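Everything on this sheet refers to the single structure shown next.
Please treat every number below as a calculation from the coordinates, not as lab data. Note that the structure is predicted; figures quoted are calculated from it, not measured. Here the Cβ positions follow ideal geometry from the backbone for every residue, glycine too, while neighbour counts run over all protein chains shown.
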Amino acid sequence: MCKSSLIDAHIHLDLYEVEERGKILQELDLYSVDALISVSFHLQSSEQNLAFARGDRRIKAAAGFHPEQELPSEREVEELLAFIQKNRKDLVAIGEVGLPYYKMKEEPSLSLCGYIKLLELFIKESKRLNKPIILHGVYEHAPIICGLLEKHSVTRAHFHWFKGDRETIKRMVRNGYFVSITPDVLYEEEIQQLVRDYPIERLMVETDGPWRFEGAFQKRMTHPGMMHRSLEKIAEIKGLSETTVYKQLYRNTTEFYRL
Ligand SMILES: [Zn+2]
């Protein structure tokens with residue numbers, strides 16, 4: 001670790017084009033990015049991320065089923081759980097899992113029931129395997145997820161790109177959950193407020209790449225190097241030195257994921 005090393009706590013490496021992924025991996029050292037937590041969309045994506053991780057020690061794979069899509073069949077769920085069980089030693093976490101907030105915005109009649117059941121299966125698995133869980137859960141879905149985590153006494157929870165009300169933020173802090181900050185902290189007041197409200201000991205940084213950002217990052221491929229700008233902004237908001245923030249976020253991520 002050099003004094004300005006970073007870890008991307010949430011990226012979808014398998015969703016990049018081959019050349020883009022090659023460029024990112026080639027440039028990690030240049031940008032002092034020591035590791036990437038590559039999260040998965042479904043079984044095939046989990047297999048892909050695990051293969052990347054086996055070929056490059058800087059890549060850490062998480063297996064899961066992203067909630068912003070149609071529910072999987074029972075058989076697909078069984079296969080995914082079997083995959084997680086079989087490869088548990090090489091997976092750092094379960095994720096990305098959660099609830100379909102944006103899909104429900106488009107289809108208000110969508111039932112949450114099946115998604116909650118599936119999420120509960122992943123939460124139980126995270127507890128059983130003693131692995132952290134990476135959550136996609138925003139606004140009114142976040143308290144539902146907190147309830148499920150509390151029900152199963154799971155505390156190693158990482159809410160990525162979190163957005164939600166202050167009551168829920170307080171509850172998450174009390175429960176010891178982590179959140180990660182995306183490059184939109186540079187221009188989104190809502191994310192800047194989250195940085196103000198959340199203890200530095202529970203923060204990480206992420207890109208959620210290949211998702212693209214606006215402002216200074218407009219029309220640019222999302223690259224883990226962008227997290228240096230996020231970190232500078234976090235230091236400014238918190239009134240802490242950049243050195244302190246680099247150190248703290250690095251420690252948070254390595255300890256949480258046991259890297
Ligand atoms: Zn994601």
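Things to note:
- Linear extension gain, Arg54 paired with Arg251, 0.36 nm per residue minus alpha-carbon span: 68.6 nm
- For the chain, alpha-carbon Rg over 2.2 N^0.38 Å: 0.94
- Between Lys23 and Leu259, the modelled labels are 2.3 nm apart [label points 7 Å from Cα along Cα→Cβ].
- Calculated FRET value between Glu242 and Arg220, using beta carbons and R₀ = 30 Å, to 0.05: 0.85
- Residues whose amide H falls under 5 Å from that of Leu259, counting only those 5 or more places apart or on a different chain, are absent, with hydrogens built in the peptide plane.
- When the pairs Lys105/Lys247; Lys170/Lys238; Lys127/Lys163; Lys170/Lys247; Lys103/Lys233 are compared against a 28 Å limit on Cα-Cα distance, Lys105/Lys247; Lys103/Lys233 fall above it.
- Zone of Arg75's modelled label, taken as backbone nitrogen in the range 111-131 under 17 Å from a point 7 Å along Cα→Cβ: none
- Helical runs assigned H by DSSP (4 residues or longer) give the chain a calculated mean residue ellipticity at 222 nm of -14000 deg cm²/dmol, each run adding -39500 (n - 2.57) before division by the residue total.
- The 3J(HN,Hα) values that the Karplus relation (6.51, -1.76, 1.60; θ = phi - 60°) gives for the range 53-60 are, in residue order, 4, 5, x, 8, 5, 6, 8, 10 Hz. Gly and Pro appear as x.
- Amide H within-cut-off set for Ala35, under 5 Å, with H built and near neighbours excluded: Asp8
- Placing dummy labels 7 Å off each Cα toward the beta-carbon, the span from Ser109 to Asp90 is 4.4 nm.
- Unit charges on C-beta of K, R, D, E only; dipole of the range 120-181, Debye: 240 debye
- Given charges at beta-carbon only (K, R positive; D, E negative), |dipole| of the range 1-60 in Debye: 260 debye
- The mean sequence distance of close C-alpha pairs (under 8 Å, at least 6 residues apart), as a share of the length of the range 6-257, puts its relative contact order at 19 percent.
- Loop-located chymotrypsin sites (Phe, Trp or Tyr not before Pro) across the range 170-207 with a Cβ neighbour count of 13 or fewer within 10 Å are lacking, with loop assigned by DSSP.
- Dipole moment magnitude, nearest 20 debye, the range 6-257 about Cα centre, only Lys, Arg, Asp, Glu C-beta charged: 920 debye
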